[in-house]
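Below is one structure, written out as structure tokens, with a few remarks after it.
FYI, it's all coordinate maths here, none of it is from the lab. All of these numbers come straight from a predicted model, not from anything done at the bench. Quick reminder, even Gly has a Cβ in these numbers, built from the backbone with ideal geometry, and neighbours come from all protein chains shown.
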Amino acid sequence: MTTATTTTTTTTTTTSTALSLCNSSCISTLISNTSLVAFYTFDSVFTDSSGFSNNLSGTYQSFVTGYVNNAVSFIYASSQRLTSSQTMNFYQLSWAISYDMELFLQTKNNLLCFGFYGDDTSGSTTILTNTWYHVAWVFDYTNRIRHIYLNGYISATTTNTGYLNVANRVVSVGSCPIGGSSPAQVYYSGYLDHFTIATRVKTACEILQDATLVFFYPFENSVTDQGPNLLVGSLSNSGTSYVSGYTGNALQLSTTGAYFQVSSITGLGISNQAFSVAIRVKPTATSGPLVHVSSAASGLGSWCLTFLGFSSNGQIIANVWTSSNTTVSVTGPILQISPFWTHIVQTWSATNGLCLYINGYSYANVTSATSYAASGAQNYLTLGTVLNGITCAAGSIQNTGQYLGAIDDFYLYSRELSQSEVCQLAGL
């Protein structure tokens with residue numbers, strides 16, 4: 001695990017070719033709450049955030065650190081479960097249910113299972129314990145098709161299924177009955193987070209966005225996340241304002257010490273989990289840190305790294321911390337300053353290593369950077385400064401500086417974006 005004082009750096013830069021066209025992809029799919037009938041964040045409450053007041057109550061072990069803020073924990077041996085305060089009608093409806101979990105509440109041979117009575121669909125991927133998964137079950141009543149999605153991608157599909165005729169039933173979370181006319185109750189051991197029910201068929205693109213878009217901040221006069229996780233950010237007490245942006249408005253950092261910060265970033269705390277950071281900037285000077293990640297709100301902690309920022313000569317730098325306890329970097333160009341906007345994307349995956357895109361085009365990569373050693377905890381992400389993290393690993397980024405300028409269209413994904421997706425985000 002990275003210590004705050006480690007600064008060893010390995011830098012390799014490889015120039016890549018540019019894209020000529022943006023192909024269509026899921027990246028432009030908007031998050032929609034249409035037909036949402038239940039939404040449970042499990043942030044130390046069992047309140048339904050959908051507005052339909054289908055609150056939960058019952059027995060549980062505790063609230064714990066979740067994938068997003070908090071989660072609810074169950075223990076099988078304690079026969080724990082939650083039930084809804086109102087009945088819900090699933091009769092002759094198409095619907096989608098999704099949530100984050102550590103282990104599906106009912107498995108068969110360590111595979112996800114989705115079915116009605118005696119009519120099941122089994123997933124194709126072995127589910128491991130102590131691992132977060134995003135799972136979505138989708139049933140199309142009209143076409144009699146059932147899907148299981150795992151981490152945003154289809155794991156299994158069944159056609160010509162039976163019908164689900166369940167009218168006015170209480171929803172149980174953490175247990176289910178099995179076993180014919182005298183069913184036994186089986187219980188779940190593990191964590192559950194962000195449980196939603198929608199009475200329509202969600203598209204594959206919607207589910208991919210639900211599963212992998214960690215946040216999206218358009219900075220339209222607020223620091224409210226427009227992604228599925230609803231992560232509310234915070235600003236420094238001074239030096240910030242909203243100005244005309246690339247699209248709509250943008251966040252302006254005007255003085256030393258000005259910053260934006262968001263917490264509960266679990267995906268960046270998982271080693272070897274692919275990620276993509278996308279941001280649009282209009283700097284008044286090309287200096288200082290741009291994106292800083294740390295295990296503590298102070299910018300320091302037991303693990304900290306400046307992901308994106310500027311070198312002493314004004315070049316944009318992207319970093320990743322590897323399992324060999326070194327910072328691997330890619331070096332980009334010296335960016336134009338205001339009034340010009342630049343779109344920057346940093347991606348990492350075990351397959352393609354560390355990549356840097358500028359204005360929708362692949363600029364440089366390090367394919368040998370095949371590991372990412374993370375904090376193992378929820379992280380804090382800070383824009384504009386490292387706060388107290390001056391001694392954190394940063395490669396050739398100047399941690400002692402301050403980013404000054406405008407920021408717009410800030411995204412984080414828990415997967416590697418493709419060249420075509422980067423191209424679309426850049427607006428080419």
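Take every Cα pair under 8 Å whose residues are at least 6 apart in sequence, average their separation, divide by the length of the chain, and the relative contact order is 21 percent.
Working from Cα pairs under 8 Å separated by at least six residues, relative contact order for the stretch 213-426 is 31 percent.
Net charge dipole, the chain: roughly 160 debye, given to the nearest 20, about the Cα centre with Cβ charges of +1 for Lys and Arg and -1 for Asp and Glu. Taking packing as the residue-averaged number of other Cβ atoms within 10 angstrom, the listed peptides 388-395, 302-309, 371-378 run from highest to lowest as 302-309, 388-395, 371-378.
Of the residues Val37, Val277, Ala350, the one whose Cα sits farthest towards the positive end of the charge dipole of the chain is Ala350 (charges of +1 on Lys and Arg Cβ, -1 on Asp and Glu Cβ, taken about the Cα centre). If R0 equals 45 Å, the separation of the Cβ atoms of Thr351 and Glu220 corresponds to a calculated FRET efficiency of about 0.80. Toward the positive end of the charge dipole of the chain, with +1 on the Cβ of Lys and Arg and -1 on the Cβ of Asp and Glu, the farthest Cα among Val201, Ile397, Ser294 is that of Val201.
Only DSSP H runs of four or more residues enter the estimate; each adds -39500 (n - 2.57), and after division by the residues of the chain the mean residue ellipticity at 222 nm equals -1000 deg cm²/dmol. In this calculation the C-beta distance from Ser32 to Ile154 is compared with R0 = 30 Å, giving a FRET efficiency of 0.95.
Between amide H atoms placed 1.01 Å from N, distances below 5 Å from Ser264 occur with Asn379, all of them 5 or more places distant or on a separate chain.
Summarised as an ellipsoid, the chain has semi-axes of 41, 22, 21 Å, derived from the eigenvalues of the Cα gyration tensor scaled by 5 and square-rooted, with the largest first.
Charge tally for Ile31 (other residues, Cβ to Cβ under 11 Å; Lys, Arg +1; Asp, Glu -1): -2.
From most to least packed by mean Cβ count within 10 Å, the peptides 227-237, 145-155 give 145-155, 227-237.
Hydrodynamic analysis of the stretch 213-426 uses the Kirkwood radius over alpha carbon pairs. Inserted into Stokes-Einstein at 10 °C and 1.306 mPa s, it gives a translational diffusion coefficient of 96 µm²/s.
Summary value for the stretch 349-428: 33 percent relative contact order, contacts being C-alpha pairs under 8 angstrom separated by 6+ residues.
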